[in-house]
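As structure tokens, the structure follows; a few thoughts come after it.
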Amino acid sequence: MKFQLDEPQGGNSISRHDAQGVWVNGQPHTASVLVPWKGAVVAWPPSRFEELQPAHFEAIQGLNPELVIFGSGAKLRFPAPALRRGLVEARIGFEVMDLAAACRTYNVLASEGRNVLAALLIEV
């Protein structure tokens, strides 16, 4: 039997998260970010759940993911459907989780080579 290391096909991995932020590929981020499975991590403007606007979700749509994992912060909160209408119309999947669950789920999907994007709300 041949054993071989299965390397993740994506380029990004969330290595740590806490109340101060997330670490993507070993780099700390202390404000909200969009983490695509491949490519650069992008700063995301909202710093509080109450600040979310349709334009924030349109920025996600521009990155062309198949699935978005929304990390709503320390507790599970669902954004209004009107905010993510563009994602629904573009047939982009959208799942809501707290920050910790979103980071874990993103890592699993990205390691499978899925075109996933983590939209992580880091509240300051």
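The values are calculated or read from the model by the stated rules, or taken from the named source; none is laboratory data. All values reported here derive from a predicted model rather than from experimental measurement. Neighbour counts are summed over all protein chains in view; Cβ atoms, including those assigned to glycine, are modelled from backbone coordinates with ideal geometry. With ligands, DNA and RNA removed, areas are computed over all heavy atoms of the protein, side chains included. Shrake-Rupley method; radii C 1.70, N 1.55, O 1.52, S 1.80 Å.
What the table shows:
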item: Solvent exposure of the chain as accessible area per residue, Å², 1.4 Å probe; result: 57
item: Convex hull volume of the chain per residue (C-alpha atoms, cubic angstrom); result: 104
item: Tensor-based shape of the range 55-124 (alpha-carbon gyration tensor, a/c under 1.5 rounded, otherwise prolate or oblate); result: oblate
item: GluC sites (Glu not before Pro) within the range 22-124: DSSP coil, no more than 14 neighbouring Cβ in 10 Å; result: Glu66, Glu112
item: Low-density loop cleavage sites - trypsin sites (Lys or Arg not before Pro) in the range 72-102, where at most 11 other Cβ are within 10 Å (DSSP); result: Lys75, Arg91
item: For the chain, share of DSSP beta bridges that run antiparallel, in % to the nearest 5; result: 55
item: Nearest 10 degrees, 0 to 90: helix 99-111 Cα axis against the chain principal axis; result: 40
item: Inter-centroid distance (Cα atoms) of the range 83-124 relative to the range 7-79, Å; result: 7
item: Size of electric dipole in the range 50-124: Cβ of Lys, Arg +1 and of Asp, Glu -1, about Cα centre, debye, nearest 20; result: 140
item: Helical contribution to [θ] at 222 nm, DSSP H n ≥ 4, -39,500 (n - 2.57), averaged over the chain, rounded to 500; result: -6000 deg cm²/dmol
